[in-house]
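Asks: One structure, pasted below without further comment.
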2 protein chains.
Amino acid sequence: MQQDETQLRDGRIVRSEDPLNLEMPFERLDSFITPIESFYVRTHFPIPKIHRDEWWLHVEGEVEKPFAINYEELLELESRTIPATLECAGNNRNFLQPKVKGVQWGLGAVGTAQWTGVPLSILLDRAEVKPEAREVILEGADRGRLDDPKAPPGELKFARSIPVSKAHTDVLLAYKMNDADLPPQHGFPLRAIVPGWYAMASIKWLQRIIITDQPFTGYYQTMDYSYWRRRGDMADLAPLTEMQVKAEIAKPAQGKIVPANSNVRVHGAAWTSDGEITKVELSTDGGASWKEANLIDQAILNAWRLWEFEWCTPSKPGKQTLVARAIDSRGRTQPAERDPDRGTYMINHLLPISIEVR
Amino acid sequence: MQQDETQLRDGRIVRSEDPLNLEMPFERLDSFITPIESFYVRTHFPIPKIHRDEWWLHVEGEVEKPFAINYEELLELESRTIPATLECAGNNRNFLQPKVKGVQWGLGAVGTAQWTGVPLSILLDRAEVKPEAREVILEGADRGRLDDPKAPPGELKFARSIPVSKAHTDVLLAYKMNDADLPPQHGFPLRAIVPGWYAMASIKWLQRIIITDQPFTGYYQTMDYSYWRRRGDMADLAPLTEMQVKAEIAKPAQGKIVPANSNVRVHGAAWTSDGEITKVELSTDGGASWKEANLIDQAILNAWRLWEFEWCTPSKPGKQTLVARAIDSRGRTQPAERDPDRGTYMINHLLPISIEVR
């Protein structure tokens, strides 16, 4: 990773000011739940100022009974609380060589919170979705103009779609984060949580839900937040969806010094999508040999799993290269090399870290 | 239109050398059929050198009986000859203000030829297309690397899809143009003719036909050759398909001098898609008033219609602004203003032309 001059704000790395993008220094990881004040912040436009008494959520499109609901009514509906890990689709971008456009995230555009809210299925059932419905578009109140000749002219709203099947299964509309009201930076008054998917799908400042009978091909799932999916030797543009299996090392961090001939705790987190992390392996010799790390706590679907490893450091001083890799219950593991079809997203190849033993 | 230094090659305007893009000076229009030597040339990559004895066309994908056919066999199949107008989707781009990226076509990236070949439906029937088929991908032998970070990495082949319904109706695989063997610049040995669609769909140097059960989202119908289609206040990225209704003035051309108080023949061509040109109107006062032009010959579906107008020029010398507009059998006419959702394509708003009466 580029060792850039890092400016900190409230203990987070400022990746950009306008729009505001803050990253958690990943070496701060020390619990399953990420505190709000450490959680990374990803915005595309200025943060909408929304007053809860003036806010409405509209449900419309291919439904029998379109309706709007306000904040107070929403709070009266059946609620659920789930832990879910959110990872920015561009997390780890700072490790790519050559450099690519986009926010230069290191390791910390990822976090896990307890999300409390209303299952999206409850609102869909109330609206009576028509049988021909295929997708659910989630639209935020965040909007602006893009400096991209390929963007739609005029003001663009942040919006993304999910299949009706996913929308009915586990998508949550959250108004609480770690038992506090959702902060403005995280989508107050309401955001979607799309478990297992990269966080661009978990629309913040949610204001409209549109059910459609055809695939949505908006800017943020075609021109941006997309990748090339190979079909034979043809390349099809596809929207980003599921997070890729990944383990990250929190401590010791890149460039740190550890004592020779001693026991050092290596620890971090690992996550995947639509499956469980079943194994994390650590290499202390740059990938030549691997040993199994200890998985902490129970596996929870679509939440990260913390892990640790007791490293008996060598007696000789020198550079050591640590690499972690995760394997999930679907047998997926991290690739050694970067897949260029993924453009500037879905970065989950192995990331060696240099440590000095002294 | 920008009055640029125009370099001519074989009587055509050289818009770029590598890849080769040649335009017909539109004032040369004088017949329904455009001679090959005047016809515009549009290439994206170097022109493939294909020997007819080594060429095969493969038909594969969602079919019961995939097969390959060579040039000799193809010539033995039932053939048809149809006139069809091809227009580059970026024709008239040079008129856009502010300037946009792309080949700076004036009026002449359009032409009409007699195309002889095999209806695509004959090959589809032979392959026995499965019921779940939705699209037919046409792939050319032209290929190369693009200087676009959003393009798929590696070598890209030019390919485009059409719905199965269109493929079965009127798409021709042409090996003759104006009764001569298809020239290399126009796709030798075989090209598609997709009547009524912008010419990016009429794949040249055709080498493979892939039937698919899902929409094709390749580079040339998402990142390029696409536009923003509004659905309510949402913008959906959509591939370019049908040509838009348009009339162009061939003579007198922009900036020309005509005598005062005399009869001047104004003439040009008009075309549309999936309908007939029913009226062309001409304004000699910049759009304040309109008079009907005379349509020449019979209307032919998906081919242009020539028109003429006898202009009694004013007795006073001065600038006059000519504008032509076409109306088709579906009631469509040309918009006065440019629609910015169309990006750098589908340019059919009214284009006034300045003439000096002396």
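The values are calculated or read from the model by the stated rules, or taken from the named source; none is laboratory data. Everything quoted here is computed from the prediction, not taken from an experiment. Because the Cβ atoms are built from the backbone with ideal geometry, glycine has one as well, and the counts that use them run over all protein chains shown. When the accessible area is computed, the model is the full protein with side chains, heavy atoms only, and any ligands, DNA or RNA have been set aside. Shrake-Rupley method; radii C 1.70, N 1.55, O 1.52, S 1.80 Å.
Asks: Averaging sequence separations of C-alpha pairs under 8 Å and six or more residues apart, then dividing by the length of region B:188-275, give the relative contact order as a whole percent.
Replies: 25 percent
Asks: Let me ask something additional. Where the centre of each part is set by its Cα atoms, how far does region B:100-172 sit from region B:202-278, in angstrom?
Replies: First find each Cα centre; the distance between them is then 15 Å.
Asks: Just name one of B:Thr112, B:Ala127, B:Trp56: the one whose Cα is farthest towards the positive end of the charge dipole of region B:8-239 (beta-carbon charges, Lys/Arg +1, Asp/Glu -1).
Replies: So the residue furthest toward the plus end is B:Thr112.
Asks: Continuing with this model, one more query. Just to check I understand the Karplus step: with θ = phi - 60° and J = 6.51 cos²θ - 1.76 cosθ + 1.60, what whole-Hz values come out for region B:259-273, glycine and proline as x?
Replies: x, 6, 6, 9, 9, 10, 7, 9, 8, x, 9, 9, 8, 7, 10
Asks: Whole Å is fine, so just give me how far the alpha carbon centre of region B:73-87 lies from that of region A:1-67.
Replies: Between the Cα centre of region B:73-87 and that of region A:1-67, the gap is 58 Å.
Asks: Here is a further query. Using a 1.4 Å probe and counting only protein heavy atoms, how much accessible surface gets buried when B and A come together, both sides summed, in Å² to the nearest 100? Walk me through the intermediate numbers first.
Replies: Numbers: alone 16390 and 16370 Å², together 30260 Å².
Buried surface at the B/A interface: approximately 2500 Å².
Asks: On to the next question. On average, how many beta carbons from a partner chain sit within 10 Å of the beta carbon of a residue in B:229-241?
Replies: Shielding by partners across B:229-241 averages 5.
Asks: Work out which residues of region B:207-227 lose at minimum 40 square angstrom of accessible surface when the other protein chains are put back, relative to the chain isolated, with a 1.4 angstrom probe, and list them by number.
Replies: For region B:207-227, once contacts with the other chains are taken into account, B:Phe216, B:Thr217, B:Met223 lose 40 Å² or more.
Asks: I would also like to ask the following. If I take R0 = 41 Å and measure r between the Cβ atoms of A:Glu60 and B:Lys99 in this structure, what FRET efficiency does the formula 1/(1 + (r/R0)^6) give, to the nearest 0.05?
Replies: 0.55
Asks: I would also like to ask the following. Under the rule of -39500 (n - 2.57) per DSSP H run of 4 or more residues, summed and divided by the residues of the protein assembly as shown, what mean residue ellipticity at 222 nm is obtained, to the nearest 500 deg cm²/dmol?
Replies: Working: 6 runs with 40 residues, N = 716.
Rounded to the nearest 500, the figure is -1500 deg cm²/dmol.
Asks: For A:Asn261 and A:Asp148, FRET efficiency with R0 = 60 Å and r from the beta-carbon atoms, rounded to 0.05?
Replies: 0.65
Asks: Any lysines with Cα under 29 Å of the A:Lys251 Cα? List them, leaving off those in the same chain fewer than 8 positions away.
Replies: A:Lys99, A:Lys101, A:Lys279, A:Lys291, A:Lys316, A:Lys319
Asks: Could you state, as a whole-number percent, how many of the C-alpha pairs of region A:199-260 are farther apart than 19 Å? Numbers along the way, then the final one.
Replies: Working: 1096 of 1891 pairs.
Cα-Cα pairs in region A:199-260 separated by more than 19 Å: 58 percent.
Asks: Right, next: Which order, highest average first, do A:323-333, B:267-277 follow once you tally other Cβ atoms within 10 Å for each residue and take the mean per peptide? Write down the numbers at each step before the final one.
Replies: Working: A:323-333: 19.3, B:267-277: 23.1.
My ranking of the peptides, most packed first, is B:267-277, A:323-333.
Asks: What list of ³J(HN,Hα) couplings, whole Hz, do you get for region B:349-358 from phi and the Karplus terms 6.51, -1.76, 1.60, once you set θ to phi - 60° and write x for glycine and proline?
Replies: 6, 4, 10, x, 10, 8, 10, 9, 8, 10
Asks: Let me ask something else about it. If Lys and Arg each add +1 and Asp and Glu each add -1, what is the summed charge of the other residues whose beta carbon sits under 9 Å from the beta carbon of A:Gly268?
Replies: Numbers: positive: A:Lys251; negative: A:Glu248, A:Glu308.
In short, -1.
Asks: Please report Rg over Rh for chain A, where both radii come from the alpha carbon positions and Rh follows the Kirkwood definition. Intermediate values should be presented prior to the final figure.
Replies: On the way: Rg = 21.0 Å, Rh = 21.3 Å.
Looking at chain A, the ratio lands at 0.98.
Asks: Take peptide B:57-68, look around each residue's Cβ out to 10 angstrom, count Cβ atoms belonging to other protein chains, and average those counts.
Replies: Working: counts 0, 0, 0, 1, 2, 0, 0, 0, 0, 0, 0, 0.
Rounded to a whole number, the mean comes out at 0.
Asks: In addition: How large, in Å, is the protein assembly as shown by the Kirkwood hydrodynamic radius built from its alpha-carbon pairs?
Replies: In the protein assembly as shown this quantity evaluates to 28.9 Å.
Asks: OK, next. Tell me which lysines have Cα within less than 26 Å of B:Lys65's Cα, excluding those fewer than 8 residues away on the same chain?
Replies: Output for B:Lys65: B:Lys130, B:Lys157, B:Lys166, B:Lys204.
Asks: Determine by what factor the alpha-carbon radius of gyration of region A:246-357 differs from 2.2 N^0.38 Å, reporting the quotient.
Replies: Compared with the compact-globule rule of thumb, region A:246-357 sits at 1.08.
Asks: So, for the protein assembly as shown, what is the accessible surface per residue at a probe of 1.4 Å, expressed in square angstrom?
Replies: In whole numbers, the protein assembly as shown has 42 Å² accessible per residue.
Asks: When the accessible area of the protein assembly as shown is computed with all protein chains present and a 1.4 Å probe, what percentage of it is carbon and sulfur?
Replies: Answer for the protein assembly as shown: carbon and sulfur cover 47 percent of the accessible area.
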